[in-house]
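These notes concern the structure reproduced below.
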Amino acid sequence: MSSVRDLTSNISVIAGRVNGNRVGGSTRMLHGPTGDLVAHVSLCGIQDVDAAVDAAADAQHAWRRTPAPRRGEVLSRAAVLLAQRRAEFATTITLEEGKTLREAGAEVDRAIDYLSFFGAEGWRLAGQEFANLEPNLRITSRREPLGVVGLITPWNFPLAIPAWKIGPALVAGNAVILKPALEAPGPSVLLAELLESAGLPPGVLNVLVGDGGTIGAAVVAHPGIHAISFTGSTEVGRRIAAVCGQRMARVQLELGGSNATVVLDDADPDSAADLIARSAFGLTGQACTATSRVYCTPGIASSLVEALVARARSLRIGDGTDPSADVGPLVSTAAHARVADIVDTAVREGAVRHGRGAAAPPFFEPTVLTSLPPDAHILQTEVFGPVVAVVEVPSLEEAIACVNASRYGLVASILTNSLSAAQTFTDEVRAGTVKVNETTTGNQPNVPFGGLKDSSNAAFKEQGSVALDFYTVSKSVYVRW
Ligand code: NAD
């Protein structure tokens with residue numbers, strides 16, 4: 001255990017980074033989910049926001065003139081360096097936000113993939129040529145960077161989400177102001193340092209460590225920041241959208257979810273339970289793509305519930321640094337109180353609760369809820385904990401109607417061997433991603449990702465080559481000779 005903690009000794013005071021230098025003022029203690037002191041944090045002030053925007057604007061002049069493949073090379077080199085420092089980054093993630101070391105290692109691997117993928121995108125940036133009405137006229141359009149972009153990220157993937165935003169922002173030629181969540185700022189700061197050691201010029205990526213209401217809000221409102229990419233709660237996203245709308249800044253919002261899996265009679269109950277347990281209880285349910293609703297048809301309902309409850313009971317809850325733990329803690333005791341309240345409300349509404357019995361906060365036992373009324377609160381809210389509600393429905397059509405009844409629309413999946421049922425599902429479900437015989441969690445870095453309804457403003461997708469759309473603007477060029 002002590003060797004795990006020693007790995008973080010180089011970030012014992014986490015500070016922001018502006019123009020390649022550490023910045024910050026008053027310090028406060030950073031506690032992990034179980035109350036351990038994991039670091040001290042030096043908080044940025046409003047003056048640091050202005051300094052970061054000035055540094056970014058200066059640095060962007062040269063960065064946008066750097067050939068795109070060379071910009072991409074910096075990301076590719078950073079991917080290699082990150083792979084060499086996998087254990088250190090994983091440990092920082094685990095200590096700060098609590099996911100198990102195995103899950104944190106997988107997050108580092110995803111971040112490596114994002115940096116590699118967007119590094120290669122440097123070779124693929126391209127414009128377009130149009131047909132001309134006249135001779136001696138050539139009309140093209142090219143993609144140009146926006147300038148300085150603000151990235152605001154949540155605590156639940158404190159490395160992967162910064163990486164999937166930084167990658168396309170930088171390769172497109174923008175300079176970046178990153179404002180990570182205060183619960184887990186360490187991975188962002190480490191990533192910025194790592195990118196500088198991979199050759200990123202100072203000032204191209206700046207990190208502001210501070211809380212959302214002051215530093216985050218100042219980033220959103222800053223006239224020198226040309227676009228905001230935000231991942232976090234729907235509530236905060238709405239506020240950010242209003243400010244960006246007012247000052248006409250481009251905004252990308254990727255928000256909460258209440259993801260559903262439909263299980264039809266022809267599915268195998270054991271493999272269905274395995275998939276659902278991974279999506280619902282993995283990462284302690286603290287993924288925007290976690291499964292929190294299951295709709296199953298009558299022929300499989302009882303065997304599915306039995307298999308799922310068995311899995312919920314068999315998982316080992318423990319500290320993220322404990323190699324035998326399957327499920328780490330929730331991020332905080334406040335998060336525990338919120339999830340407990342959602343479950344208590346469901347029970348008051350008539351639900352039956354299955355699990356191993358209460359765990360001490362901030363740990364929360366994997367929980368299956370059955371016998372819910374159709375209008376149960378849990379079916380309309382984001383749970384963000386290891387809890388899944390199982391509802392029996394008479395038919396595929398009714399299951400699709402239930403999936404679509406949610407205010408969210410991030411991911412949905414169906415487990416079936418029926419090609420026609422799978423096809424109908426993928427056609428009729430309103431979600432940004434639909435999957436067949438798959439977990440709702442997990443996505444490839446080369447595939448567009450984003451939600452619908454209250455899960456996103458659905459203006460621009462993240463990940464994949466289309467992620468470049470948000471970070472670039474097209475310029476039409478007419479040349480006559
Ligand atoms: P949050 O909305 O509380 O905070 C997200 C970020 O916004 C943090 O950096 C926070 O400091 C900042 N912030 C808070 N108030 C702000 C304000 N007024 N102005 C500017 N910035 C502000 O979310 P969280 O608790 O960190 O993360 C969990 C949420 O993120 C869940 O709802 C989850 O579904 C969502 N999420 C979505 C995706 C996705 O891709 N759709 C991925 C991961 C997490």
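Just so you know, all these numbers are worked out from the coordinates, no wet-lab data involved. All of these numbers come straight from a predicted model, not from anything done at the bench. Here Cβ is always computed from backbone atoms with ideal geometry, including for glycine, and neighbour counts include all displayed protein chains.
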Between Ala358 and Ala459, what is the spin-label point distance in nm, taking each point 7 Å from the Cα along the Cα→C-beta axis? 4.5
On Cα atoms only, tilt of 419-428 relative to the major axis of the chain in degrees: 60
In nm², what is the average projected area of the convex hull enclosing the Cα atoms of the stretch 259-444? 9.8
Dividing the mean separation of Cα pairs under 8 Å (6+ apart) by the residue count of the chain yields a relative contact order in percent of 17
In whole percent, what relative contact order does the stretch 230-299 give with Cα contacts below 8 Å and a gap of six or more residues? 35
Simple spin-label estimate for Ala242 and Leu137 in nanometres, 7 Å along Cα-Cβ: 4.7
Within the chain, the percent of DSSP beta bridges that are antiparallel, given to the nearest 5, stands at 40
Compare the Cα positions of Ala260, Val343, Ile300 along the charge dipole of the stretch 259-444 (+1 at Cβ of Lys, Arg; -1 at Cβ of Asp, Glu; about the Cα centre) and return the one farthest towards the positive end. Val343
Can you tell me the dipole magnitude for the chain around its Cα centre, using point charges on the Cβ only (Lys, Arg +1; Asp, Glu -1), in Debye to the nearest 20? 1520
Lys/Arg Cβ at +1, Asp/Glu Cβ at -1, dipole of the chain taken about the Cα centre: which of Pro394, Val148, Leu415 is farthest positive-ward? Val148
For Trp155, Trp481, ascending order of other Cβ atoms within 10 Å (fewest first) is Trp481, Trp155
Rounded to the nearest 10 degrees, the helix 86-97 long axis (Cα) sits at an angle to the longest Cα principal axis of the chain of 60
How far is helix 333-348 tilted, in degrees, relative to the longest principal axis of the Cα atoms in the chain, given as a value from 0 to 90 rounded to the nearest 10? 40
Cα to Cα, under 30 Å, and not fewer than 8 places away if on the same chain: which lysines meet these conditions relative to Lys453? Lys99, Lys165, Lys179, Lys435, Lys461
Given Pro187, Gln380, Ala249, which one lies farthest toward the positive end of the charge dipole of the chain, if we put +1 on the Cβ of every Lys and Arg and -1 on the Cβ of every Asp and Glu? Ala249
For the stretch 259-444, the dipole about the Cα centre with charges only on Cβ (Lys and Arg +1, Asp and Glu -1), to the nearest 20 debye, works out at 460
Equivalent ellipsoid, the stretch 357-452 (semi-axes from 5 times Cα gyration tensor eigenvalues, Å): 25, 18, 13
With just the Cα atoms defining each centre, how far is the stretch 51-116 from the stretch 411-481? Give it in Å. 23
Going by C-beta contacts inside 10 Å, put Glu96, Glu349 in order with the fewest on the left. Glu349, Glu96
Gained length - Arg124 relative to Val477, 0.36 nm times residue gap less alpha-carbon distance: 125.1 nm
Taking just the C-alpha trace of the chain, give me its Rg and Dmax in Å. 23.1, 79
